[in-house]
Amino acid sequence: MRSEYSKTLIELGKENPNIVVLGADTTDSLKTSGFGKMFPNRFFNVGIAEANLVSTSAGLAASGKISFA
């Protein structure tokens, strides 16, 4: 399931430049590092700070991005 999640995010990222991916040191377990390699300017690792992850994701969404946290 995680591999498919990663593949799907990459495919969506190719189609839509407004898609951003955020993680809280979960890039390996969720396999989202592939998105980060493909789109480094649209990938954010906020560290072990889940509250910051949600706040940052909400801010990006409020500014027109489609965020996956």
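Remarks
- Top-ranked residue in segment 12-42 [being open to solvent by 70 Å² or more (accessible area, probe 1.4 Å) and assigned to a helix (DSSP H, G or I); ranked as farthest from Arg2 (Cα to Cα)]: Asn41
- Close contacts from segment 1-26, counting a first residue that is without any contact (Cβ under 8 Å) to a residue 40 or more places away in the chain and a second that is polar (S, T, N, Q) and assigned to a loop (DSSP other than H, G, I, E, B), with Cβ to Cβ under 7 Å and a gap of 6+ residues or different chains, come to Ser6/Thr32.
- Residue ID - nearest to Asn18 (Cα to Cα), chosen from residues in segment 43-69 that are part of a loop (DSSP other than H, G, I, E, B) and aliphatic (A, V, I, L, M): Ala69
- Hits in segment 43-55 - residues which are within 11 Å of the chain's Cα centre (by Cα), touching a residue at least 24 places away in the same chain (Cβ under 8 Å) and open to solvent by 50 Å² or more (accessible area, probe 1.4 Å): Phe44
The values are calculated or read from the model by the stated rules, or taken from the named source; none is laboratory data. A quick note: this is a predicted structure, and the numbers were derived from the prediction, not measured. Here Cβ is always computed from backbone atoms with ideal geometry, including for glycine, and neighbour counts include all displayed protein chains. Remember, those area values only see protein heavy atoms, side chains included, never the ligands or the DNA or RNA. Shrake-Rupley method; radii C 1.70, N 1.55, O 1.52, S 1.80 Å.
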